[in-house]
1. In the range 37-56, is there at least one residue being among the charged types (D, E, K, R) and in a strand (DSSP E or B)?
2. Just name the residue that is most open to solvent (accessible area, probe 1.4 Å) out of those in the range 232-267 that are under 18 Å from the mean Cα position of the chain (by Cα) and within 20 Å of F81 (Cα to Cα).
3. Looking for whichever is out of contact with any helix residue (DSSP H, G or I) (no Cβ under 7 Å at 6 or more places or on another chain), surrounded by 14 or more Cβ atoms within 10 Å (Cβ to Cβ) and at pLDDT 95 or above here; the options are Y170, Y137, Y201, Y229. Which one fits?
4. Quickly run through the range 91-105 and pick out the residues that are open to solvent by 40 Å² or more (accessible area, probe 1.4 Å) and assigned to a helix (DSSP H, G or I).
5. Taking only the range 74-87 into account, find how many residues are out of contact with any helix residue (DSSP H, G or I) (no Cβ under 8 Å at 6 or more places or on another chain) and either part of a loop (DSSP other than H, G, I, E, B) or without any contact (Cβ under 8 Å) to a residue 40 or more places away in the chain (or both).
6. Among the candidates V41, V50, single out the residue that is among the β-branched types (V, I, T), in contact (Cβ under 8 Å) with a residue 12 or more places away in the chain and touching a Lys or Arg at 6+ places or on another chain (Cβ under 7 Å).
7. Within the set of pairs 6 or more residues apart or between chains, which connect a residue that is within 23 Å of D164 (Cα to Cα) inside the range 195-219 to a residue that is assigned to a loop (DSSP other than H, G, I, E, B) and among the β-branched types (V, I, T) with Cβ atoms less than 7 Å apart?
8. How about the range 60-73: which of its residues are within 25 Å of H11 (Cβ to Cβ) and either in contact with a helix residue (DSSP H, G or I) (Cβ under 6 Å, 6 or more places away or on another chain) or loosely packed, with under 10 Cβ neighbours inside 10 Å (or both)?
Amino acid sequence: MTQKLAVAVIHGMGNQTEDFADAMITQINELCMPVTAHDVVIRPVHWTRVLQQEERTLWQRMQASGADLKLPLARRFLIDFLADIIAYQVTPHDSMVYDAVHTVLAETLRGLAAEAGERAPLCIIAHSLGSVIVSNYLYDLQHPHLIPARAQAVMQPTPLEQGDTLALLYMMGSPLALWSLRYRDFGTPIAFPPPAVRDYYPAVVPQWVNFYDPDDVAAFPLQALNTAYASVVTQDTRVQVGGVIEGKTPLAHLAYWTDEDVIRPIAEGLIGVWRAVNQAQS
């Protein structure tokens with residue numbers, strides 16, 4: 001019996017629908033299944049649902065206020081996108097959204113552990129603000145006193161859910177470099193690879209790959225931040241995503257999801273981990 005892999009896919013800011021990752025999942029499966037069969041278990045992390053009702057209510061109240069607000073479409077766009085970033089931040093008195101978002105991620109990892117196995121190698125694919133969420137979530141796991149109580153209540157002490165089997169971390173269009181401005185010398189990254197992954201899967205070579213398109217103004221390389229990031233980020237990978245028009249504009253930020261230069265390396269990474277794990281066990 002072969003060992004399955006667990007994959008969590010996390011979206012960024014914006015009013016995302018539940019099927020946000022369907023096209024990516026289809027492409028990954030098409031590339032992986034000839035080798036791995038059905039051993040790659042992929043689940044989307046649809047965290048924006050915790051904010052959608054509040055954002056709708058905010059917009060309705062602004063419309064009902066009677067204020068002469070110009071450019072309504074632009075304002076609605078800001079609520080759908082910029083508000084996610086603002087709401088996610090922890091204040092001195094409230095971490096409601098932060099806790100709720102991390103609970104959705106904890107629920108997804110709980111489901112992956114149940115389906116792929118409690119010790120399954122873990123891969124996380126994160127886009128845009130999702131990469132910041134993942135970084136925070138993994139950092140909290142490595143400092144357990146920081147884990148929100150709501151997320152802690154969902155979690156079980158399995159290696160996968162504790163982040164101990166994290167073998168692959170892929171970021172797409174990540175603004176994590178901007179978040180690092182909150183900390184002296186651009187902060188401390190998560191410990192990667194987690195020390196325990198080598199105990200579970202010594203044949204696996206973990207990778208943290210950061211895909212960025214130079215036309216995507218929200219995306220930045222990570223290794224240049226400081227020596228700490230340079231030591232844990234395996235590679236900043238420059239890609240050209242999107243079509244002839246969008247690929248040369250900031251709209252490239254939305255085009256990572258189905259671009260072959262992103263999908264193929266992710267699929268190859270999954271196949272490599274699957275082979276390393278299952279050949280070692282055979």
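The values are calculated or read from the model by the stated rules, or taken from the named source; none is laboratory data. Owing to the predicted nature of the structure, the values given are computational and were not obtained by experimental measurement. With ideal geometry, Cβ positions are generated from the backbone for all residues, glycine too; neighbour counts draw on all protein chains shown. Side chains included, ligands, DNA and RNA excluded: accessible areas come from the protein's heavy atoms. Shrake-Rupley method; radii C 1.70, N 1.55, O 1.52, S 1.80 Å.
1. Filtering the range 37-56 for residues among the charged types (D, E, K, R) gives 39, 43, 49, 54-56.
From what is left, the residues that are in a strand (DSSP E or B) are 43.
Scanning the range 37-56, I find at least one residue that is among the charged types (D, E, K, R) and in a strand (DSSP E or B), so the answer is yes.
2. Ranking the qualifying residues of the range 232-267, first place goes to L254.
3. Unique residue meeting the criteria: Y229.
4. M96
5. So in the range 74-87, the residues out of contact with any helix residue (DSSP H, G or I) (no Cβ under 8 Å at 6 or more places or on another chain) come out as 74, 77-78, 81-82, 86.
Subset that is either part of a loop (DSSP other than H, G, I, E, B) or without any contact (Cβ under 8 Å) to a residue 40 or more places away in the chain (or both): 74, 77-78, 86.
Result for the range 74-87: 4.
6. Checking each option against the conditions leaves just V41.
7. Sorted first by the residue in the range 195-219, then by its partner, the pairs are V197/T165; V197/V204; Y200/T165; Q207/T234; W208/V233; W208/T234; V209/T234; N210/V233.
8. If the condition is that a residue be within 25 Å of H11 (Cβ to Cβ) and either in contact with a helix residue (DSSP H, G or I) (Cβ under 6 Å, 6 or more places away or on another chain) or loosely packed, with under 10 Cβ neighbours inside 10 Å (or both), then L73 is the only one that fits.
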